[in-house]
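Asks: Dropping a structure here in structure tokens format, bear with me for questions.
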Amino acid sequence: MDSRVRIKDHWNEQRIFTQRTLGAAVVIAVMVLTLIGRLTYLQVWRHDYYAELSQGNRVRLDPIPASRGLIFDRNGTVIADNEPAYQLELIREQVPNLNDTLRRLTALGLIDRDELEDTRRMIFSRRSFDSVPVRLRLTDEEIGRFAVHRYQFPGVDLATRQTRHYPYGQLGVHALGYVSAISVQDLEHIDRVTYAGTALIGKLGIESTYERSLHGKNGFREILVNAQGRSVQREGAFAAELHSQAPIAGDDLMLSIDLRTQQAAEDALGDHRGAVVAIDPSNGDVLALASKPGFDPAAFARGLSRAEYAHLSEDIDKPLFNRALRGTYPSGSTIKPVIALAGLTYHVVDPNRQEFCAGVFHLPGSIHLYREGKGGKHGYVDLERAIAKSCDVYFYGLAANIGADHIADFMTPFGYGQLTGIDISGEKPGLLPSPEWKRKAFKRPQDQIWFPGETVNFGVGQGYLLVTPLQLAHVASVLAERGRSFRPRLVTGVRDLEGNVKPIAPAQVPSIDGIATDAWDLVLRGMKGAATYGTAAAISKGAGYTIAGKTGTAQVFTVGQNEKYVEKNVAERLRDHAWFIAFAPAEAPRIAIAVLVENGGFGASSAAPIARKVMDAYLLHETTSPATEIAVPESQASD
């Protein structure tokens, strides 16, 4: 049996204890140093950053919306400004019974019944102590109605806000556009910080395209809040030092629109569906851009109910549709001056040769008859007289001789089938057809064939060719300037807060070269003839200036070979569209114009008189201010 006794090793134990103690001390020292370093970093080096964060926990920035920039016409008349308006706002936590309150507001006619559920969802999507607008832009009657019952609605009150004001109502609405409530789609592409506190944003037209300039820069004010985000007030030594920054108003826009000319265009259109575009051919300034029917832009600023919007969008006359930019129609005979220039440039026509018009035309080897418009007969006509009298038979033959490819190539520099580049969105390019286009546009081989008869129709502005009123006004301006061309524009300058106007230079596009001076002279003589002894002779009666123009009638449906078009027997919306293009004074043009009257029939009787009124308004009164002569709609009048 082993009787040996193990002796304790004190030295080794002491060594182990010392090592552990030193290790622990090192760990503690490292941790202390790390803590001290971190505290130094947070309290010294990052003091400003965390002080700002802590301030954010007790101070809230409330945005102060900037005033929207004003819009002026070319003479300095305000056509879009701002005005204070009352809106109804509700704070949910202060309302004893929300459902009952909303029901009684609906009974007073202050909330639309169809909007009740949307209003309730909007209220519950916000914090209980937020003030939520439940109705924008109340009328005086509605304000009075609420004021009488105000004591019955705790938590509901009137608030003054700024809204858009259009002093002339519908005048120029398709050029100006409108502002409306910011939608979910808008939030996807705007900076939410920039638009904090802003309820409205530009929609369509100038209001949309120049939104960034018009919007301005919001200001802010600091508000002391508690942990729940509610505003609190402290006084004396406990009062916080709060700051604010004033907003910067948006820039003002100076337009090329002449308000009197715009008024004349819309008045002359009257109850017709149609469009008028007038351009200064020397620089591309759009003097008038009218589309009828129109709509009241103030209705969008106050907020449309579903029923109101449905009424507008489902209206058969399409008041929201901008016919000037987006309406596409066959050009009719307005194309003939350009076809004549093509024939002269390609040397396929002798301008002095007399061609006989018996009222019908047929291609060699074909029995299909192409009739003269209105069943007329012109007898012997040369090129100049064919333009003035708008002889279809002459241009049927001329187009067949030129060929579809050459016609399309020649028309391209005039802007057919292309966007003009006007400085607002929504424009359509129309359609310039050609054999190559047809091969790409249709899938079936039999549909890709370009037939000779299509070239014949092309020569009088029928068939596949589609143009917009803006395009034809641009074409008229190019004819007026003998090939010189400018991009149409609505905004000519931007004015900042100091009143400094930064002009926007006209944008000239490449001129049309290769057309002989004699060709221009002959074609423009033909257009002057149209307005003196030709199809639009009545337009020059009593005018104090010379007019060069061209009428056009565009078919809406095809008339059979053995049928005759009798307007009174055709449904109103199936009747021909009426066109007229012109420029004046013919020797030194200052205005070029295109007029479209949908289903208006003959251009000379429907569209030309409208053009005359517009040209009179601009040429005979352009040196005087229109502000005192244009009536402000009673519903829009300000004190």
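Asks: Do any of K292/K528; K336/K377; K502/K613; K389/K528; K203/K613 go past 21 Å between their Cα atoms, and which?
Replies: K292/K528; K502/K613; K203/K613
Asks: In a shell of Cβ-Cβ distance under 15 Å around I143, excluding I143 itself, what net charge do Lys and Arg (+1) and Asp and Glu (-1) give?
Replies: 0
Asks: Just check the range 471-552 against the gyration tensor rule for me: Cα atoms, a ≥ b ≥ c as the square roots of the eigenvalues, rounded for a/c under 1.5, and otherwise prolate or oblate depending on whether a/b exceeds b/c.
Replies: In terms of gyration-tensor shape, oblate.
Asks: Related question: Pull out the extension gain between A538 and E498, defined as 0.36 nm times the separation in residues minus the alpha carbon to alpha carbon distance; nm, one decimal.
Replies: 9.4 nm
Asks: Taking the Cβ of each residue in R113, R135 as the centre, tally the other Cβ atoms inside 10 Å and list the residues starting with the fewest.
Replies: Placing the least packed residue first, the sequence is R113, R135.
Asks: Now a separate question. Residue by residue through the range 389-394, what is 3J(HN,Hα) from phi via Karplus (6.51 cos²θ - 1.76 cosθ + 1.60, θ = phi - 60°)? Round to whole Hz and write x for glycine and proline.
Replies: Here the 3J(HN,Hα) series is 8, 6, 7, 5, 4, 4 Hz.
Asks: Quick check: pseudo-label points 7 Å beyond the Cα along Cα→Cβ at S128 and K443, how many nm apart are they?
Replies: Those two pseudo-labels are separated by 6.0 nm.
Asks: By how many nm would the segment from K217 to L431 lengthen if fully extended, with 0.36 nm per residue of separation less the alpha-carbon distance?
Replies: 72.9 nm
Asks: Turning to a different aspect of this structure: Calculate the dipole size of the chain relative to its Cα centre from +1 charges on Lys and Arg beta carbons and -1 charges on Asp and Glu beta carbons; express the result in debye to the nearest 20.
Replies: The calculation lands at about 1600 debye.
Asks: Follow-up question, since we're still on this one. If you rank F442, F146, F395 by fewest surrounding Cβ atoms within 10 Å, what's the result?
Replies: The fewest-first ordering by Cβ neighbours comes to F442, F146, F395.
Asks: Now for a separate question. What dipole magnitude, in Debye to the nearest 20, does the range 61-250 give about its Cα centre under +1 on Lys/Arg Cβ and -1 on Asp/Glu Cβ?
Replies: 160
Asks: Quick one: net charge around F414, please, counting Lys, Arg +1 and Asp, Glu -1 for every other residue with C-beta under 15 Å from its C-beta.
Replies: +2
Asks: Skipping prolines and chain starts, which residues have an amide H placed within reach, meaning under 5 Å, of the one on A507, given they are 5 or more residues away or on another chain?
Replies: The list, which skips near neighbours in sequence, is R487.
Asks: Shape verdict for the chain, please, from the Cα gyration tensor: rounded (a/c under 1.5), prolate (a/b greater than b/c) or oblate.
Replies: Verdict is prolate for the chain.
Asks: Then there is this: Considering every pair of different Cα atoms, what Kirkwood radius, in Å, is found for the range 61-250?
Replies: 18.8
Asks: For the chain, what is the mean residue ellipticity at 222 nm derived from helices alone (per DSSP H run of n ≥ 4: -39500 (n - 2.57); sum divided by total residues; nearest 500 deg cm²/dmol)?
Replies: About -9500 deg cm²/dmol.
Asks: Cut-off is 10 Å between beta-carbons; in what order do S606, S131 appear when sorted fewest neighbours first?
Replies: Sorted ascending by nearby Cβ count, the order is S131, S606.
Asks: Enumerate the amide H contacts of H378 below 5 Å, restricted to partners 5 or more residues apart or on another chain; note that Pro and chain-start residues carry no placed amide H.
Replies: Residues meeting the criterion, in which the H sits 1.01 Å from N, are C357, G359.
Asks: So which trypsin sites (Lys or Arg not before Pro) in the range 440-493 pass both tests, a DSSP loop state and at most 15 other Cβ atoms within 10 Å of the Cβ?
Replies: Listed in order of number, the matching sites are K443, R484.
Asks: A further question on this structure: For the range 99-105, in order, what is each residue's ³J(HN,Hα) by Karplus, 6.51 cos²θ - 1.76 cosθ + 1.60 with θ = phi - 60°, in whole Hz (x at glycine and Pro)?
Replies: So the Karplus estimates, Gly and Pro as x, are 4, 5, 5, 5, 4, 6, 5 Hz.
Asks: Turning to a different aspect of this structure: Give the range of the longest stretch in the chain that excludes all GluC sites (Glu not before Pro) found in loop regions by DSSP and having at most 10 other beta-carbon atoms within 10 Å.
Replies: 1-187
Asks: Do any trypsin sites (Lys or Arg not before Pro) in the range 319-375 lie in a DSSP loop with no more than 16 other beta carbon atoms within 10 Å, and if so, which?
Replies: Loop-located and lightly packed - R353.
Asks: Just going by the charge dipole of the chain, with Lys and Arg at +1 and Asp and Glu at -1 on Cβ, which of H165, H272, L42 is farthest out on the positive end?
Replies: The residue sitting most towards the positive pole is L42.
Just so you know, all these numbers are worked out from the coordinates, no wet-lab data involved. Source: prediction; values computed, not measured. As a convention, Cβ positions derive from the backbone with ideal geometry for all residues, glycine included, and neighbour counts pool all protein chains shown.
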